[in-house]
1. Is it the case that Ile198 is touching a residue at least 60 places away in the same chain (Cβ under 8 Å), closer than 21 Å to Ala369 by Cβ and touching a Ser or Thr at 6+ places or on another chain (Cβ under 8 Å)?
2. Which one is nearest to Ile288 (Cα to Cα) among residues in the stretch 156-203 that are under 12 Å from the mean Cα position of the chain (by Cα) and small (Gly, Ala, Ser)?
3. When you go through Glu154, Glu163 one by one, which is the residue that is free of Cβ contacts under 8 Å to residues at least 40 places away in the same chain, within 30 Å of Asp55 (Cβ to Cβ), touching a helix residue (DSSP H, G or I) at 6+ places or on another chain (Cβ under 8 Å) and charged (D, E, K, R)?
4. Within the stretch 128-174, which residues are more than 19 Å from Gly184 (Cβ to Cβ) and of a type in the set (Val, Ile, Thr)?
5. Applying the selection to the stretch 10-25, what residues are in a loop (DSSP other than H, G, I, E, B) and in contact with a Lys or Arg (Cβ under 9 Å, 6 or more places away or on another chain)?
6. Quick test for you: out of Gly213, Gly207, Gly229, Gly165, pick the one residue that is assigned to a loop (DSSP other than H, G, I, E, B) and at pLDDT 95 or above.
7. Restricting attention to the stretch 257-306, and to residues there that are assigned to a strand (DSSP E or B) and either polar (S, T, N, Q) or within 20 Å of the chain's Cα centre (by Cα) (or both), which single residue is farthest from Gly382 (Cα to Cα)?
8. Tell me whether the stretch 350-363 contains one or more residues that are assigned to a helix (DSSP H, G or I), over 17 Å from Thr11 (Cα atoms) and modelled with pLDDT of 95 or more.
Amino acid sequence: MEVYLDNNATTKVDEKVYEEMKPFFCEIYGNPNSLHSFGSATHKKMVEALDYLYDGIGARDEDDIIITSNATEANNWVLKSVYNDYILEGDKKHIITSEVEHPAITAVCNFLEKKGVEVTYLSVNEDGTLTADAVADAIRADTALVSIMWANNETGKLFPIKEIGAICKEKGVLFHSDATQAIGKVKVDVHDANVDMISFSAHKFHGPKGVGGLYIKAGVKLTPYMHGGEQMDGRRAGTVDVASMVGMGKAMHLATNTMALAYEQNHVGMLRDKLERAILKLPDTIVIGGKENRTPNTTLISIKGVEGEAMLWDLNQNGIAASTGSACASEDLEANPVMNAFGSDSELAHTGIRFSLSRFNTEEQIEYAIEHIKKAVERLRGISSSYAYTPKNHKSEL
């Protein structure tokens, strides 16, 4: 049996999405900006896809959703444009983010620091998130941007986006959120949350790879990402990948309707909890960040005495896919930076295993995974020179 439990890294394309995309390769292939019938047929489906995207995140007609190649591009665009538009050309010089953001945020912030930008990296609390008050306390008169993720890619922990948005609005500071791990798992409403910009990638909610989006609230100034044409309101020039855009729109529609979100919360959440409970029955296992206030599909579990990479090798031999953390940094075998941000010791920071489920997982798959996870833990602890079971240290949460 094959069991895919690495859906925070990427998801399978829903077959309904694939079917929606297929005509745009060889049948409906006109340039959507052309005036002939080939172009108008393509343009019609692009408009439908955009409608799905707007509805999926609660955007309004006057707002912009720009099609990008992924959320990494969108994150880079936001931060570098804020540098150009509000720091170089204005009197701002400060950006606020968190220590547990995706590298698509932190790496850009590191880059901007070398150009003289001052960046505050807010630390997370023992629950793996931060308070809106912490953001408020960090805002200065020269703060240009606050960028805080909607949901953490490692732990699934949800951040107080609505409260942070209200504070930023009151103080007149731009607010961006990387919503990559939130869309399709929890309700995302950009106006209810008072965000100015959000980033997302289609492949995180059963759409195709290589396409994403940047929501920009009406009135927010951003330097165009690419010049050379009037596509995407002149903000990102170049002919759009229509097939991918149509696929992303369909995937958004399937993932964010009321029934889909209820299924995610109830069924996917039930499967995640079943898997988690079984692992926590083993001694010296903990859920990093605890079990509250998180997306219904994700758990990050530390298994003492078991190196994460060794665990993944054992699971892979039995057709089970999981992760030690962000897929974008999976080749880096250093300690998980998110676990480091929790203040975990060096040993604990190497033992985290992330299981992230989707609507395509079944109860039979979860039972199979539980069986082989237990076997792997027993084998690996048996050959570990550093592990000795002590009942008094057995906990279920951190």
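The values are calculated or read from the model by the stated rules, or taken from the named source; none is laboratory data. Just so you know, these numbers come straight off a predicted model, no measurement behind them. Reconstructed Cβ throughout: ideal geometry from the backbone, glycine too, with neighbour counts over all protein chains shown.
1. On the way: touching a residue at least 60 places away in the same chain (Cβ under 8 Å): yes; closer than 21 Å to Ala369 by Cβ: no; touching a Ser or Thr at 6+ places or on another chain (Cβ under 8 Å): yes.
No; evaluated as a whole, the condition is false for this residue.
2. Here the answer is Gly156.
3. Working: Glu154 fails: free of Cβ contacts under 8 Å to residues at least 40 places away in the same chain.
The conditions single out Glu163.
4. Keep residues of the stretch 128-174 that are more than 19 Å from Gly184 (Cβ to Cβ), which gives 128-148, 160, 163-174.
Those that are more than 19 Å from Gly184 (Cβ to Cβ) and of a type in the set (Val, Ile, Thr): Thr129, Thr131, Val135, Ile139, Thr143, Val146, Ile148, Ile164, Ile167, Val173.
5. Passing the criteria: Thr10, Thr11, Val13, Asp14.
6. Details: Gly213 fails: assigned to a loop (DSSP other than H, G, I, E, B); Gly229 fails: at pLDDT 95 or above; Gly165 fails: assigned to a loop (DSSP other than H, G, I, E, B).
Exactly one of Gly213, Gly207, Gly229, Gly165 is assigned to a loop (DSSP other than H, G, I, E, B) and at pLDDT 95 or above, namely Gly207.
7. Here is the first cut: in the stretch 257-306, the ones assigned to a strand (DSSP E or B) are 285-287, 294, 298-303.
Checking which are either polar (S, T, N, Q) or within 20 Å of the chain's Cα centre (by Cα) (or both) leaves us with 285, 287, 294, 298-302.
Values: Thr285: 16, Val287: 22, Arg294: 33, Thr298: 28, Thr299: 25, Leu300: 23, Ile301: 19, Ser302: 17 Å.
Filtering first and then ranking leaves Arg294.
8. The first filter runs over the stretch 350-363 and keeps only residues assigned to a helix (DSSP H, G or I), leaving 350, 363.
Then keep just the ones that are over 17 Å from Thr11 (Cα atoms); that gives 350, 363.
Those still in the list that are modelled with pLDDT of 95 or more too: 363.
Yes - at least one qualifying residue is present in the stretch 350-363.
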